[in-house]
Amino acid sequence: KAGVTQTPRYLIKTRGQQVTLSCSPISGHRSVSWYQQTPGQGLQFLFEYFSETQRNKGNFPGRFSGRQFSNSRSEMNVSTLELGDSALYLCASSLTGRPQETQYFGPGTRLLVL
Amino acid sequence: AQSVTQLDSHVSVSEGTPVLLRCNYSSSYSPSLFWYVQHPNKGLQLLLKYTSAATLVKGINGFEAEFKKSETSFHLTKPSAHMSDAAEYFCVVSELGSSASKIIFGSGTRLSIRP
């Protein structure tokens, strides 16, 4: 089975712009979660989607949004970028998102905001 | 409230010596516990997980962890370190929230291996 894929792998944007990141989960996985990883804050949960519905949300401003398509692929959007949004954005998929399930992570998208 | 504390931000050991990465958690219910590893510029890979079965869990690459409810700990160990073990390690607790799983990552422990 192919693993979780994320595109693009690297991205450079300027303040005020917006960005869309994409995640394709493992085939058959219906839960997709997004995380932000920074040196200062570590790994923080952004949101989780299941069957095209946002089921869980972390403590991030409304500039961060996402969606999931019928094929379980997910996109994450950040509007009005700030310097502090520079981070590695990780996507993870699991079968249904239950607590005991393993999450499989993609390689991440590294976003640099100038 | 749910939380995870990795007691060491950096651990350095010599190749061939034992590894101990410490993790304490708090959880309102019966949690699932995980250890993930992240090599530089890579995503996270599951090492092992505890989901209320055997308290001693064996994972990949010779790692194992023991769930101790009385101590609320889930320390990661390996008998003999290898150079390829140098990476960042994350302890994770997951439990069922009101409508979905709640997942908390520890702050990570960077493991360095001395030749």
message: Take residues that are away from chain A (no Cβ under 14 Å) and surrounded by 19 or more Cβ atoms within 10 Å (Cβ to Cβ) and tell me which of the strands (runs of 3 or more DSSP E) falling wholly in segment B:54-115 contain 2 or more.
response: B:73-78, B:109-114
- request: Return the residue satisfying two criteria in turn: it lies in segment B:23-47 and is in contact (Cβ under 8 Å) with a residue 60 or more places away in the chain and assigned to a loop (DSSP other than H, G, I, E, B), and of such residues it is nearest to A:Ser93 (Cα to Cα).
  value: B:Pro31
task: List the number of the failed condition for A:Pro61; all other conditions in (1) exposed (fewer than 13 other Cβ atoms within 10 Å of the Cβ); (2) within 12 Å of chain B (Cβ to nearest Cβ) hold.
output: (2)
query: Which residues, counting only those in segment A:49-59, are in contact with a Gly (Cβ under 9 Å, 6 or more places away or on another chain) and either over 17 Å from A:Tyr104 (Cβ atoms) or not in a strand (DSSP E or B) (or both)?
result: A:Gln54, A:Arg55, A:Asn56
- line: Restricting attention to segment A:9-46, the residues that are surrounded by fewer than 16 Cβ atoms within 10 Å (Cβ to Cβ), touching a Leu at 6+ places or on another chain (Cβ under 9 Å) and within 24 Å of A:Thr102 (Cα to Cα) number exactly 2
Matching entry among A:Ser86, A:Ser74, A:Ser94 (being hydroxyl-bearing (Ser, Thr, Tyr) and within 14 Å of chain B (Cβ to nearest Cβ)): A:Ser94
task: Name the one entry in B:Ser3, B:Ser32, B:Ser26 that is closer than 24 Å to A:Gln37 by Cα, hydroxyl-bearing (Ser, Thr, Tyr) and touching a Lys or Arg at 6+ places or on another chain (Cβ under 7 Å).
output: B:Ser32
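Scan segment B:48-68 for residues that are without any contact (Cβ under 8 Å) to a residue 12 or more places away in the chain and charged (D, E, K, R) and report the count.
First, pick out the residues of segment B:48-68 that are without any contact (Cβ under 8 Å) to a residue 12 or more places away in the chain: B:53-54, B:56-58, B:66.
So of that shortlist, the ones also charged (D, E, K, R) come out as B:58, B:66.
Residues that pass the stated criteria total 2.
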field: Some residue of segment B:8-18 being outside any strand (DSSP E or B) and within 11 Å of another protein chain (Cβ to nearest Cβ)
entry: yes
statement: Picked from segment A:78-114 (must be at pLDDT 95 or above, touching a Leu at 6+ places or on another chain (Cβ under 8 Å) and polar (S, T, N, Q)), the residue farthest from A:Lys13 (Cα to Cα) is A:Thr109
Members of segment B:10-59 found to be modelled with pLDDT of 95 or more and of a type in the set (Ser, Thr, Tyr), listed by number: B:Ser12, B:Ser14, B:Thr17, B:Tyr36
- line: Among the residues of segment A:64-90, the number that are aromatic (Phe, Trp, Tyr) and part of a strand (DSSP E or B) is 2
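Against the definition (surrounded by 13 or more Cβ atoms within 10 Å (Cβ to Cβ) and either on the phi > 0 side of the Ramachandran plot or not in a strand (DSSP E or B) (or both)), how does A:Ser93 come out, yes or no? Before you say what the answer is, go through the steps one by one.
Working: surrounded by 13 or more Cβ atoms within 10 Å (Cβ to Cβ): yes; either on the phi > 0 side of the Ramachandran plot or not in a strand (DSSP E or B) (or both): no.
No: the conditions fail for A:Ser93.
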field: Residues located in segment A:1-48, provided they are outside any strand (DSSP E or B), more than 13 Å from A:Ser72 (Cα to Cα) and basic (Lys, Arg)
entry: A:Lys1, A:Arg9, A:Arg15
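The values are calculated or read from the model by the stated rules, or taken from the named source; none is laboratory data. Just so it is clear, the model here is predicted, and its values are computed rather than measured. Positions of Cβ are generated from backbone atoms using ideal geometry, with glycine treated the same way; all protein chains shown enter the neighbour counts.
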